[in-house]
Amino acid sequence: MEALEMQARSKNISLGFKEGCNKAFMVNAEREMIQQVLNNLIYNSIKYGNENGETQIGIYDMGKYILVEVSDNGIGIAQHNLHRIFERFYRIDKNRSRKFGGSGLGLAIVKHIIEAHGQSINVRSTPGTGSTFGFTLKKG
């Protein structure tokens, strides 16, 4: 989050942890890979976030696993696009590509990394309300 704080500040987006998510967990994961996942998800939440918005990170104990969620109150994603957003080079629309830039590879890479850890990633989103990306990691 520290690496993206300046970008968030440029849109006046606050970055923080959800309430009650101050406990540390040990997980079986490659640090650099999970750092890349979080960097991409947080970057996207800022990129597609609303001016004066917020990005929140949640970490939840799920027994043998933890659930990590990155939530924003940005532009959101229509239901009919959700099943394709993890595909390589998939762009929701060309206007969005021109406005926000990017290659369409970020979420495909995120999915690949999470699946390489034997886990899964999912998304919930409502246009005009925001998105939440969640993934699990096995506790260490």
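What follows is calculated from the coordinates using simple rules that are stated; it is not laboratory data. Being a predicted model, the structure only gives us computed values, none of them experimental.
Taking amide H as placed 1.01 Å from N in the peptide plane, residue 11 has no amide H partner under 5 Å among residues 5 or more places away or on another chain.
Counting only C-alpha contacts under 8 Å and six or more residues apart, can you give the relative contact order of the chain as a whole percent?
Contact order relative to length: 29 percent.
The phi torsions of segment 118-127, fed into the Karplus equation with coefficients 6.51, -1.76 and 1.60 and a -60° offset, translate into couplings of x, 10, 9, 10, 9, 9, 10, 7, 9, x Hz, rounded to whole numbers, with Gly and Pro shown as x. Shown in residue order for segment 8-24 are the 3J(HN,Hα) couplings computed by the Karplus curve 6.51 cos²θ - 1.76 cosθ + 1.60 at θ = phi - 60°: 4, 4, 4, 10, 6, 9, 8, 10, x, 9, 5, 4, x, 9, 10, 8, 8 Hz (x for Gly and Pro). Eigen-decomposition of the gyration tensor built on the alpha-carbon atoms of the chain gives equivalent ellipsoid semi-axes of 24, 18, 14 angstrom, largest listed first. Between 22, 39, 73, the residue with the greatest mean-square fluctuation in the GNM of the chain (Cα pairs under 10 Å linked by springs) is 22.
Karplus-derived 3J(HN,Hα) values for segment 40-53, using 6.51 cos²θ - 1.76 cosθ + 1.60 with θ = phi - 60°, are 5, 5, 5, 4, 4, 5, 6, 4, 9, x, 7, 3, 6, x Hz; glycine and proline are entered as x.
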